[in-house]
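Heads up: the structure comes next, in structure tokens.
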Number of protein chains: 2
Amino acid sequence: MSESIESIQVWCAGEDWCPVTSTATLICRKWHPVIVHRLLNAGPMGFTELKDEVDGVSSKVLSDSLEDLQSKNLVDRSIISEKPFRVEYSLTSQGAELEPVIRAMEDWGQNNLRAPADANSGRF
Amino acid sequence: MSESIESIQVWCAGEDWCPVTSTATLICRKWHPVIVHRLLNAGPMGFTELKDEVDGVSSKVLSDSLEDLQSKNLVDRSIISEKPFRVEYSLTSQGAELEPVIRAMEDWGQNNLRAPADANSGRF
DNA sequence: CGGCATCCACATGGATACTG
DNA sequence: CAGTATCCATGTGGATGCCG
């Protein structure tokens, strides 16, 4: 994994191409959906802000994940030249279009995993 | 990963629980979304049928993935006692509820990855 | 602040061969 | 048909420490 977006696009030209597999290849990595979710909800953010939002992730892993997301054109990184300089991560237009996927994941998790603690749900 | 559904539910009782992270933990594995997709589209299937549907997966990995999906209560496995016996994989009710997630992934892939080959799309 | 360097552990995937 | 048994490669994550 961590293929470049180009190699994925080449693959997409092939015969047995599947949109589900392709999308999974891009976002099926432990922290990717949460990172996108936080950027959707709270807008552009700096590294440390993002690290605080994404509970449990380490600097190294967040850094790796962001690099992967950039290579896949889902996240943009821009350097704000102030003193001291800041870095800002945001979703690309393609990344922002992942919203339906992320929201569906959010809904499913709420309905199917939080249920055991709730009294009003029939599930579990 | 490959935690049992029980340990995930325990985790869901915690403070910093996040539905997106939780859902990601369950289905973010290379072949999981495709497997669910095929079971949604074509209904219950035997092992070999499924292997044919999921292009590129090996027996071992499909077997591992199905075992993981069963442990998470997303897929059911039933043995049909005929001669010769058959095995049938199907989605549990929870698994079936993943449909919005999978469809969203399918849509995104179609709109954002197939685009380079299409002339009528503005993207890329 | 926004990382990178290092090292390590382990989960996961892939290839091949074999079985009841 | 429906897998299991090996073995191996690598992706990915996690911990710690350091840097400009």
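The values are calculated or read from the model by the stated rules, or taken from the named source; none is laboratory data. Just so we're clear, the structure is a prediction, and the values are computed from it rather than from any experiment. For neighbour counting, all protein chains shown are included, and Cβ atoms are generated from backbone atoms with ideal geometry for every residue, glycine included. Ligands, DNA and RNA are excluded from the accessible area calculation, which covers all protein heavy atoms including side chains. Shrake-Rupley method; radii C 1.70, N 1.55, O 1.52, S 1.80 Å.
Highest mobility in the GNM of chain B, judged by mean-square fluctuation with C-alpha springs under 10 Å and restricted to B:GLU15, B:GLU67, B:GLU88, is found for B:GLU15.
Listed as lacking a disulfide-compatible partner in chain B: B:CYS12, B:CYS18, by the criterion of no other cysteine Cβ under 4.7 Å. In units of the compact-protein estimate 2.2 N^0.38 Å, the range A:32-106 shows a Cα radius of gyration of 1.05.
When chain B is treated as a Gaussian network with alpha carbon springs shorter than 10 Å, the biggest mean-square fluctuation among B:VAL36, B:VAL20, B:VAL57 belongs to B:VAL20.
Exceedance of the 28 Å cut-off in Cα-Cα distance is limited, within the set A:LYS51/A:LYS72; A:LYS30/B:LYS72; A:LYS60/B:LYS60, to A:LYS60/B:LYS60.
Inter-chain neighbour count for B:96-107: the average number of beta-carbon atoms from partner chains within 10 Å of each residue's beta-carbon is 6. Note on chain B: GNM, Cα springs under 10 Å; of B:ILE102, B:ILE27, B:ILE80, the largest mean-square fluctuation is that of B:ILE80.
Peptide A:47-55 has a mean shielding of 1, counted as Cβ atoms of other protein chains within 10 Å of each residue's Cβ. For the protein assembly as shown, the equivalent ellipsoid derived from the alpha-carbon gyration tensor has semi-axes of 32, 24, 14 Å in decreasing order. Built from the Cα atoms of the range B:1-69, the convex hull projects on average onto 5.0 nm², one quarter of its surface area.
When you restrict to C-alpha pairs under 8 Å that are six or more residues apart and normalise by the size of chain B, the relative contact order lands at 23 percent. Of the accessible area of the range B:12-124, computed with a 1.4 Å probe over protein heavy atoms only, carbon and sulfur atoms account for 45 percent.
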